[in-house]
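Colleague: Before I ask anything, here is the structure I am working with.
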Amino acid sequence: MAEKEVQAGITVKKDADFSEWYTQIVQKCELADLRYNIKGFVCYLPWAVRSIKKMYSKYEKALEKTGHEPLIMPSLIPESNFKLEASHVKGFAPEVFWVTEAGNGVKFEERLALRPTSETALYKMYSLWVQSYKDLPFKRYQSCQVWRYEGKMTRPFFRGREFHWIEAHDVFSTEEDAKAQVKEDMRITYDMLEGEFAIPIIFFQRPEWDKFAGAIHTYAADALMKSGKVIQLPSTHLLGQNFSKPFGVKFKDKDGEDKYGYITCYGPAISRIYGAMIAILGDDKGLILPFDLAPVQIVVMPIIFEKSKNEVMNKCEKIKELLEQKYDTKIDARDDVSAGFKFNEWEMKGVPIRIEVGPKDIEKKQVMIFRRDLGKKIAVLEKDIEKTIDNIAEEFTENLKKEQLGRFNDLIVDAKTKKDVEKAIASQKIARCPFCSIDMDGEKCASMVEKEIQAFVRGIKADGNEKPRNNDKCVICGGKAKEIVYIAKSY
Ligand SMILES: [Zn+2]
């Protein structure tokens, strides 16, 4: 990238124009290249991919720890599989990319879907793999790409026609076990998104009209962006026997009888979580990344003057050797750009720690350590470097989390009337309010919310403790409120 460009840094304030800020982050930090010549398809570049791989690795570990085994499924699904579950095919049909012929002109007997999600590929095979109660629970996941012909405006990482995710599909012998899995999926989501990625979320049970095609219930995590819009992050679905019956996912139970399994599926979209993470954590200077996810965690910066060059470089090498055992460490010894330029560039790219070493520091047996999260620089004695870095590594993500979670709580406001809801939405907040119903009866009121407030009923809080009081009325129709729902603008 041209030096001039990076020196300019991010030229717009995040609060002033979020959309332009995000575009600049993606371009100037070299996260994605949008010039690929199919609309909605982008190239992910190394600085993004290195973080995304670290996210995958954390997520895969969490799934394996809870009994999931990895597999890799074909990316093509025959149309006949698709048609087995009626509401699923109806929900996904408009977004499917179909493969219909080979290059030599051979037309396929049936159309093949480029998987938009893998239920109909997996459960066909699950009917062969699951035979006995001894096979249950049967828990598998795959890390893969999926393709959906997205009609809404695409934005790199957030929404594209191809995205990268993990999908976990589990079969149980009882409905209780399946429900417990949905709870475990939610716990894993909190552990990952809030615990590791510093993204505050709320889990909602989605209204009937907004659930996954073919599910009994859908539970989805929403994160709130600075713009006041929420974005849907991982969702988990209780499919019950809706798929096991048409696909024949059966097992011989202890009593010798054939029974249908109860299925759950869980889909954290890693590329979208990455987009949400950089959008939520970043500031006017650029990226801020959780410590574990930064492609480079520590950059060592020799402050070189000709006569002390060797001494300074030797010291930097020693520091790198000391730290690279535990951390992704890099020396930036470029001499064709100024120190100020390098500082700005690494800050923009979200490297958590910068260590500066100059001749004066060597004299004093110290280094300067800069933290990206606090924007502060401190002098640290050479003998204390490792201990100091260990402390920062431990604190860094905790610090981001504290800041984000604190901010999130202030963004939810209670509303009693439609006016209150409008006011909350206008001031970029989430409204919490009494609402008639999240069954199909409530759909009419929800479409009023959409039409008149340009916002969406996101559902009821999944931990289920919030209930309206006796005389609470639906903010839209004035009828008796059965639920407390959250209303927000959404991406
Ligand atoms: Zn109503």
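Coordinate-derived values only; no laboratory data. Since this is a predicted model, take the numbers as computed values, not measurements. Neighbour counts run over all protein chains shown; Cβ positions are idealised from the backbone, glycine included.
Colleague: For the Cα atoms of the chain, what angle does the longest principal axis make with the long axis of helix 270-281, in degrees from 0 to 90, nearest 10?
Modeller: Taking the Cα atoms of the chain, the angle to 270-281 is about 50 degrees.
Colleague: Give the angle, between 0 and 90 degrees and rounded to the nearest 10, that separates the Cα long axis of helix 339-348 from the longest principal axis of the Cα atoms of the chain.
Modeller: The helix 339-348 is inclined about 10 degrees to the chain.
Colleague: Can you give the extra length, in nm with one decimal, that the chain gains between residue 135 and residue 335 once fully stretched, where that is 0.36 nm per residue apart less the Cα-Cα distance? Before the final figure, lay out each step's value.
Modeller: Details: separation 200, 0.36 × 200 = 72.00 nm, distance 6.17 nm.
Additional length available on full extension: 65.8 nm.
Colleague: So how far, in whole Å, is the C-alpha centre of segment 344-388 from the one of segment 391-441?
Modeller: Segment 344-388 and segment 391-441 have Cα centres separated by 36 Å.
Colleague: Further question: When only Cα pairs under 8 Å and 6 or more residues apart are kept, what is the percent relative contact order across segment 199-259? Don't jump to the answer; show the numbers that get you there.
Modeller: Numbers: 83 pairs, mean separation 15.6, N = 61.
The normalised contact order for segment 199-259 reaches 25 percent.
Colleague: Tell me, which longest segment in the chain has none of the GluC sites (Glu not before Pro) that fall in DSSP loops with at most 13 further Cβ atoms within 10 Å?
Modeller: On the way: sites that count: 257, 466.
Result for the longest clean stretch: 1-256.
Colleague: Looking at segment 9-69, which chymotrypsin sites (Phe, Trp or Tyr not before Pro) are in a loop (DSSP not H, G, I, E or B) and have at most 13 other Cβ atoms within 10 Å?
Modeller: Details: sites: 18, 21, 22, 36, 41, 44, 47, 56, 59; in loops: 36, 41.
Those satisfying the criteria are 36, 41.
Colleague: For segment 230-285 and segment 127-192, compute the distance between their C-alpha centroids and round to whole Å.
Modeller: 3
Colleague: Given an 8 Å cut-off on Cα distances and at least 6 residues of separation, report the relative contact order of segment 412-490 as a percent.
Modeller: Details: 146 pairs, mean separation 31.0, N = 79.
Across segment 412-490, relative contact order equals 39 percent.
Colleague: What percent do you get for the relative contact order of segment 3-281 when only Cα pairs under 8 Å and 6+ apart count? List each step's numbers first, then the result.
Modeller: Working: 489 pairs, mean separation 51.9, N = 279.
Relative contact order for segment 3-281 comes out at 19 percent.
Colleague: Against the longest principal axis of the chain, how steep is helix 175-189, in degrees 0 to 90 to the nearest 10, with axes from Cα atoms?
Modeller: Roughly 20 degrees between the two axes.
Colleague: Now for a different question. Per DSSP H run of at least 4 residues, take -39500 (n - 2.57); add these up for the chain, divide by its residues and hand me the 222 nm value, nearest 500 deg cm²/dmol.
Modeller: Values: 15 runs with 160 residues, N = 491.
Rounded to the nearest 500, it is -10000 deg cm²/dmol.
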